[in-house]
1. Against the condition out of contact with any helix residue (DSSP H, G or I) (no Cβ under 7 Å at 6 or more places or on another chain) and either open to solvent by less than 20 Å² (accessible area, probe 1.4 Å) or over 23 Å from residue 50 (Cα atoms) (or both), how does residue 78 come out, does it pass?
2. Is there a residue being open to solvent by 50 Å² or more (accessible area, probe 1.4 Å) and more than 14 Å from the chain's Cα centre (by Cα) anywhere in the stretch 103-113?
3. Can you name every residue in the stretch 178-208 that is open to solvent by 40 Å² or more (accessible area, probe 1.4 Å) and either β-branched (Val, Ile, Thr) or modelled with pLDDT of 75 or more (or both)?
4. If you go through the stretch 134-157 one residue at a time, do you hit one that is over 30 Å from residue 177 (Cα atoms), within 21 Å of the chain's Cα centre (by Cα) and among the β-branched types (Val, Ile, Thr)?
5. Within the stretch 161-177, track down each residue that is open to solvent by less than 50 Å² (accessible area, probe 1.4 Å) and assigned to a loop (DSSP other than H, G, I, E, B).
6. Only one residue in 90, 44 is surrounded by 15 or more Cβ atoms within 10 Å (Cβ to Cβ), modelled with pLDDT under 90 and not in a helix (DSSP H, G or I). Which one?
7. What number of residues in the stretch 110-160 are of a type in the set (A, V, I, L, M, F, W, C), touching a residue at least 40 places away in the same chain (Cβ under 8 Å), closer than 23 Å to residue 54 by Cα and assigned to a loop (DSSP other than H, G, I, E, B)?
Amino acid sequence: MGRSRLRTLLVTSVVIMLCAAMIVGGTYALFGDSVEVTNHLVAGTLKVKLERIDLEQWRLDEDGIVKKTELSEAEKTGDFTRGTTANVFGMNETEAIAPSSKYSAKMRIANDGGSVAFDYKVYVTVDSSQSETDEELAKQIKVTVTDKNGVKRSEKTLWECADFEVANGRVLIGEAESGQDEFTVTVEFVNILSPEDGNNNDLAQGKKAKFDLLVVATQASEN
């Protein structure tokens, strides 16, 4: 009876030791797995897409009359995401304008597959050197910016717009609606008929103006 009990105790001790060994071994295995886990850190990407989705033009025709131009769908749209020499208003370098000439470009700014939300600002940058932009003409070009709801965000002369922020917004990632925004930029040669206004159209004849549309995007932050 004594031997049987001793054998039972020994077996129990062995079982306990085996269990303990299994616990230790299991703990070691878990620890080993944890050590071997590799953490990947990938920097987010901010990618902006800028497109023209509509265009309207009131320009001089072959008879010298300002009329609305009929444009094809291909002429109305354009991708300005990458560097391009294309004019956002569809104008060529030698194109002449006259009072009541008007160009209206509807632009869409969107997340181009990036993983970072961004805030954007739109500027009209004017080359104010006398050799590139004449004040007499720039003061008679009205620049109007409206948001996607048709609300006017800015209305200034081209001369006043020099490096001026004309629009801003935020683009998120995920849902299509939050992942894009739209704004419309319209430039118009204002018809000033009275010399008493101080900026009669006669002063703008033969003058020129050079300006660019600049979109700057930065990572969105809660701060």
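1. Answer is no for this residue.
2. No, because not a single residue in the stretch 103-113 is open to solvent by 50 Å² or more (accessible area, probe 1.4 Å) and more than 14 Å from the chain's Cα centre (by Cα).
3. 180, 188, 190, 202, 203, 205, 206, 207, 208
4. Initial filter on the stretch 134-157 (over 30 Å from residue 177 (Cα atoms)): 134-142, 157.
From what is left, the residues that are within 21 Å of the chain's Cα centre (by Cα) are none.
Scanning the stretch 134-157 turns up no residue that is over 30 Å from residue 177 (Cα atoms), within 21 Å of the chain's Cα centre (by Cα) and among the β-branched types (Val, Ile, Thr).
5. 161, 162
6. Criteria check complete, one pass: 90.
7. 1
Conditions tested, residue by residue: (1) small (Gly, Ala, Ser); (2) within 22 Å of residue 216 (Cβ to Cβ).
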position	(1), (2)
49	no, yes
64	yes, no
85	no, yes
114	yes, yes
127	no, yes
150	yes, no
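The values are calculated or read from the model by the stated rules, or taken from the named source; none is laboratory data. Keep in mind that what you see is a predicted model, and the values were worked out from it rather than measured. We place every Cβ from the backbone using ideal geometry, glycine too, and count neighbours over all the protein chains shown. Surface accessibility is based on the protein's heavy atoms, side chains included, excluding ligands, DNA and RNA. Shrake-Rupley method; radii C 1.70, N 1.55, O 1.52, S 1.80 Å.
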